[in-house]
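Quick one: this structure, given as structure tokens, is what I'll be asking you about.
The values are calculated or read from the model by the stated rules, or taken from the named source; none is laboratory data. Bear in mind that the values here come from a model prediction, so they are computed numbers and not experimental data. A quick note on method: Cβ atoms are made from the backbone with ideal geometry, for glycine too, and the neighbour counts reach across all protein chains shown.
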Amino acid sequence: MSNGSASDMWKALEVILFSTTEPVSSYQIARLLEEGGWLQGEGKITPGQVDKYIEQLIREWGGGNRPLTVLKIAGGYQMATRPEWSQLVAKLQEDKRSHRLSRAALETLAIVAYKQPVIRPDIDAIRGVNSDSALKTLMEKNLVAISGRDEGPGRPLLYRTTPYFLKYFGLNSLQDLPDPTELATLMGISVDTNRETQ
């Protein structure tokens, strides 16, 4: 959508700043606005004009008691929260860190995802170490669940991923999993691709 009105250009500027996770330069912003057709008239804007628009945006946000501002970092601009909201942001980051998975948990989860249903001895054989702790963590996070017992000796427990696993990784179904060899390369582990995923 690009009708080039001034209000749409301002909205586009806010969207750019909101969407980026890294500082974005005046030049990059100018190029994005031009290519997107968000400018009036000739459809040209200079990095210097972008700087002035962002200074005005910072003033407007400051006058409206908004919790957001724009910072100039590493030669670019990035949206940020004002210092008075630092405790809330720190708590949010702390909560995010507590949801991260260890390398052992990620390795175990990858094996379960591609081999399911799978028994723990098979997981241990692939990883080369005991996976009890990693499986416990994954079950606590509701990413893996027990799905019955194997028919083999001792009838060991079978593990498979949960529906929450799909949500956690933004997948529609197990068919959306990346190619096992690509995943193995990214993680630096060996994944046996001879068995089919189920």
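Going through LEU32, LEU39 one at a time, which residue ends up being surrounded by 14 or more Cβ atoms within 10 Å (Cβ to Cβ), closer than 12 Å to TRP10 by Cα and assigned by TED's automatic domain parsing to the domain that holds VAL15?
LEU39
Within the stretch 90-99, is even one residue of a type in the set (A, V, I, L, M) and surrounded by 14 or more Cβ atoms within 10 Å (Cβ to Cβ)?
No: the stretch 90-99 contains no residue that is of a type in the set (A, V, I, L, M) and surrounded by 14 or more Cβ atoms within 10 Å (Cβ to Cβ).
To continue, here is another question. Between a first residue in the stretch 149-178 that is farther than 20 Å from THR137 by Cβ and a second residue that is assigned to a loop (DSSP other than H, G, I, E, B) and modelled with pLDDT of 90 or more, which pairs have beta carbons less than 9 Å apart while being 6 or more apart in sequence or on different chains?
ARG149/ARG155; ARG149/PRO156; ASP150/PRO117; ASP150/PRO156; LEU174/GLN116
Which ranges mark the helices (runs of 4 or more DSSP H) fully within the stretch 104-185 that have 3 or more residues being exposed (fewer than 14 other Cβ atoms within 10 Å of the Cβ)?
So the answer is 132-140, 163-168.
For the condition assigned to a helix (DSSP H, G or I), over 28 Å from the mean Cα position of the chain (by Cα) and farther than 27 Å from TRP85 by Cα, what is the one hit in GLN28, GLN49?
After applying the criteria, what remains is GLN49.
Residues of the stretch 143-165 being within 22 Å of the chain's Cα centre (by Cα) and over 13 Å from VAL112 (Cα atoms), which ones?
Listed by number, the residues that qualify are PRO163, TYR164.
Across the stretch 46-83, what is the number of residues that are modelled with pLDDT under 85 and farther than 15 Å from GLU14 by Cα?
Final tally of qualifying residues: 8.
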